[in-house]
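Visitor: Here's a structure for you.
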Amino acid sequence: MSNLVVVGTQWGDEGKGKLVDILAEFADMVVRFQGGANAGHTLIVDGKQLITHLVPSGILHPTKRCAIGPAVVVDPETLVEEIDAISQRGIQVSPDVLVISHRAHLVMPYHRLLDAAREAARGSKKIGTTLRGIGPCLEDKAARTGIRLSDLLDSEVLAERLSVKLPEVNALLSHYGRDTVQAEDILPRLAELSACLAPYVGDVGEVVRQEMDRGKNVLFEGAQGTLLDIDHGTYPFVTSSSTSAGAVCPLVGFGPKRVDGVVGVAKAYTTRVGAGPFPTELKDELGDKLREAGGEYGATTGRSRRCGWLDLVALRYTAAINGLTSLCITKLDVLSGINPIRIGVGYKLAGQELTSPPANIRDFSRVEPIYEEFEGWEEDLGEGRTKADLPLQARRYVECLEHLLNLPVDIISVGAGRAETIMVQNPYNRY
Ligand code: IMP
């Protein structure tokens, strides 16, 4: 048995969904462990696109169990829509297949309103959130005024919790000049959503521990990326949860010795949505070329992603935080036709070389990358199925990453579809 964690090593959108879909074949259960509907996984199956926000990408494998863990913030409206959309594609989403933690906090309609009101009030200092209410929901969790799925299923508790919460919410909404929310506006719909979700609700922590005790392979699906981590990311331009691999233990509820491997997903270049420092950003035509070739538009918000070169200072940092055991490089095919290719291998700040990203956000915004150049390639990589199929320059690029990060690249993605994948080594066979 082995339990693997898949995490993003950059600012999200690395292609974790595709990797989880591929690795799910070797797992018995797939568990989403943090974040919420701010994430968007674009999956291409049988040539058709499916975007999931909350349901783990493992759902595409009919025989696997999937779970949404206790620390995922669940927007019940989005989740019900998503379950319907997946079912309409002929994929079974029954309570035998999907379990949602009774401890998960709910993203309520007022969380979205507050997210929007705060972002608008920040003006040019916006974080650029996904406006999915994630920050306000997690604030309530920490303030102990949140509402959990188990509360949704108990109408008396729900009404009582709302009677405490809404006056506070409304004071804030009024402060931002927004309409207030009354319990009677939202309770009828919440009752409908409760009825839809009730069959799926269970004790995910317990189910996961049991699966592990039975020797099953559990795959943990992270969301966002390590540079968006609330503690280790580019604060305050981060999400409100822990996005790194170690968080999986407290967030799902099991001990740290049970994780066998951590696969970090890195795009062959870098993208970021929202505001915040991005030292290797390309603000020129080359950035536009990457955006077009890579289809770099957000799966959740449709926003165009900022694009730039690979940043090895950031990658070394996130590899260390996550304790990566191997890497998956995605979108290598997008670099075809770009010559030369650059990789940021160091940062300079006021003439000094830095070996890791500075904590001070003003410093991080001012660092100048030090680049190394690589010869590019013209060939289309989409047909490559083994490393040997890749042009020499593309192989060199991958090998150089392995060398500079001191990590093996297990998987190389050369297109959006399942088949467009080079499995150098199955991470499950490492254990
Ligand atoms: P929030 O998570 O919606 O509060 O957004 C905070 C920051 O994280 C913003 O810069 C978002 O663009 C970014 N973010 C959140 N989720 C994702 C994701 O799944 N991919 C990429 N960026 C994300």
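Visitor: Inside region 291-312, can you point out the residues that are more than 16 Å from the ligand (Cβ to nearest atom) and either buried (at least 21 other Cβ atoms within 10 Å of the Cβ) or under 18 Å from LEU43 (Cα atoms) (or both)?
Guide: Within region 291-312, ALA293, TRP309, LEU310, LEU312 meet the criteria.
Visitor: Grab the strands (runs of 3 or more DSSP E) fully contained in region 245-351, keeping just those with 1 or more residues being under 18 Å from the mean Cα position of the chain (by Cα).
Guide: 261-267, 270-272, 306-308, 326-330
Visitor: Does any residue in region 420-431 that is assigned by TED's automatic domain parsing to the domain that holds GLU25 and closer than 16 Å to LEU390 by Cα come within less than 9 Å, Cβ to Cβ, of a residue that is among the hydroxyl-bearing types (Ser, Thr, Tyr) and modelled with pLDDT of 95 or more six or more places away or on a different chain, and which pairs are these?
Guide: Pairs found: none.
Visitor: In this structure, does ASP84 turn out to be assigned to a loop (DSSP other than H, G, I, E, B) and surrounded by fewer than 23 Cβ atoms within 10 Å (Cβ to Cβ)?
Guide: Answer is no for this residue.
Visitor: Can you tell me which residue among GLU420, GLU402 is farther than 24 Å from LEU43 by Cα, acidic (Asp, Glu) and modelled with pLDDT of 95 or more?
Guide: GLU402
Visitor: Here's another thing I want to ask about it. With of a type in the set (D, E, K, R), open to solvent by less than 20 Å² (accessible area, probe 1.4 Å) and more than 10 Å from the ligand (Cβ to nearest atom) as the only criterion, which of ASP115, ASP151, ASP140 stands out? Even if it seems obvious, please write down each step before you answer.
Guide: Details: ASP115 fails: more than 10 Å from the ligand (Cβ to nearest atom); ASP151 fails: open to solvent by less than 20 Å² (accessible area, probe 1.4 Å).
Testing whether each residue is of a type in the set (D, E, K, R), open to solvent by less than 20 Å² (accessible area, probe 1.4 Å) and more than 10 Å from the ligand (Cβ to nearest atom) leaves just ASP140.
Visitor: With the structure loaded, tell me whether VAL367 is open to solvent by less than 20 Å² (accessible area, probe 1.4 Å), β-branched (Val, Ile, Thr), over 22 Å from VAL262 (Cα atoms) and out of contact with any Phe, Trp or Tyr (no Cβ under 6 Å at 6 or more places or on another chain) or whether it fails that test.
Guide: no
Visitor: Here's another thing I want to ask about it. Within the set of pairs 6 or more residues apart or between chains, which connect a residue that is of a type in the set (Ser, Thr, Tyr) inside region 127-154 to a residue that is in a loop (DSSP other than H, G, I, E, B) and within 14 Å of the ligand (Cβ to nearest atom) with Cβ atoms less than 7 Å apart?
Guide: Final answer for the pair search is THR129/GLY274; THR130/ASN38; THR130/THR300; THR130/THR301.
Visitor: Okay, moving on. Of all residues in region 344-364 being surrounded by 15 or more Cβ atoms within 10 Å (Cβ to Cβ) and touching a residue at least 60 places away in the same chain (Cβ under 8 Å), which is nearest to GLU402 (Cα to Cα)?
Guide: GLY344
Visitor: Next question, about the same structure. Could you grab the pairs with beta carbons closer than 6 Å, sequence gap of 6+ or different chains, first residue in region 20-46 and of a type in the set (D, E, K, R), second one crowded, with 24+ Cβ neighbours inside 10 Å?
Guide: Partner pairs satisfying both residue conditions: ASP21/SER57; ASP21/LEU60; ARG32/PRO56; ARG32/ILE68; ARG32/VAL72; ARG32/GLU221.
Visitor: Follow-up question, since we're still on this one. Would you check if there is a residue in region 64-72 being within 15 Å of the ligand (Cβ to nearest atom) and not in a helix (DSSP H, G or I)?
Guide: yes
Listed here are the residues, each with its yes/no results for (1) part of a helix (DSSP H, G or I); (2) modelled with pLDDT under 95; (3) under 30 Å from the mean Cα position of the chain (by Cα).
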{"site": "PRO136", "(1), (2), (3)": "yes, no, yes"}
{"site": "LYS141", "(1), (2), (3)": "yes, no, yes"}
{"site": "THR145", "(1), (2), (3)": "no, no, yes"}
{"site": "ASP151", "(1), (2), (3)": "yes, no, yes"}
{"site": "GLU156", "(1), (2), (3)": "yes, no, no"}
{"site": "ALA159", "(1), (2), (3)": "yes, no, no"}
{"site": "LYS165", "(1), (2), (3)": "yes, no, yes"}
{"site": "ALA171", "(1), (2), (3)": "yes, no, no"}
{"site": "SER174", "(1), (2), (3)": "yes, no, no"}
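Visitor: Please identify the pairs in which a residue from region 167-188 that is closer than 15 Å to HIS111 by Cβ has its Cβ atom under 9 Å from the Cβ atom of a residue that is open to solvent by 100 Å² or more (accessible area, probe 1.4 Å), counting only partners at least 6 apart or on another chain.
Guide: LEU173/ASP179
For (1) of a type in the set (D, E, K, R); (2) within 30 Å of ARG362 (Cβ to Cβ), each residue gets a yes or a no:
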{"residue": "VAL80", "(1), (2)": "no, no"}
{"residue": "LEU98", "(1), (2)": "no, no"}
{"residue": "ARG103", "(1), (2)": "yes, no"}
{"residue": "ALA117", "(1), (2)": "no, yes"}
{"residue": "GLY135", "(1), (2)": "no, yes"}
{"residue": "ILE147", "(1), (2)": "no, no"}
{"residue": "LEU158", "(1), (2)": "no, no"}
{"residue": "GLU168", "(1), (2)": "yes, no"}
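Visitor: Turning to a different aspect of this structure: Consider LEU166 against the criteria (1) open to solvent by less than 70 Å² (accessible area, probe 1.4 Å); (2) under 26 Å from PRO199 (Cβ atoms): it satisfies all of them except one. Which criterion is unmet?
Guide: (2)
Visitor: Oh, and also: Among the residues of region 27-43 satisfying the criterion of being touching a strand residue (DSSP E or B) at 6+ places or on another chain (Cβ under 8 Å) and open to solvent by 10 Å² or more (accessible area, probe 1.4 Å), which is nearest to the ligand (Cβ to nearest atom)?
Guide: Taking the candidates together, the pick is GLY40.
The values are calculated or read from the model by the stated rules, or taken from the named source; none is laboratory data. In this text the structure is predicted, and so the values were computed from the model without any measurement. Note that each Cβ is placed from the backbone with ideal geometry, even for glycine, and that neighbours are counted across all protein chains shown. Side chains included, ligands, DNA and RNA excluded: accessible areas come from the protein's heavy atoms. Shrake-Rupley method; radii C 1.70, N 1.55, O 1.52, S 1.80 Å.
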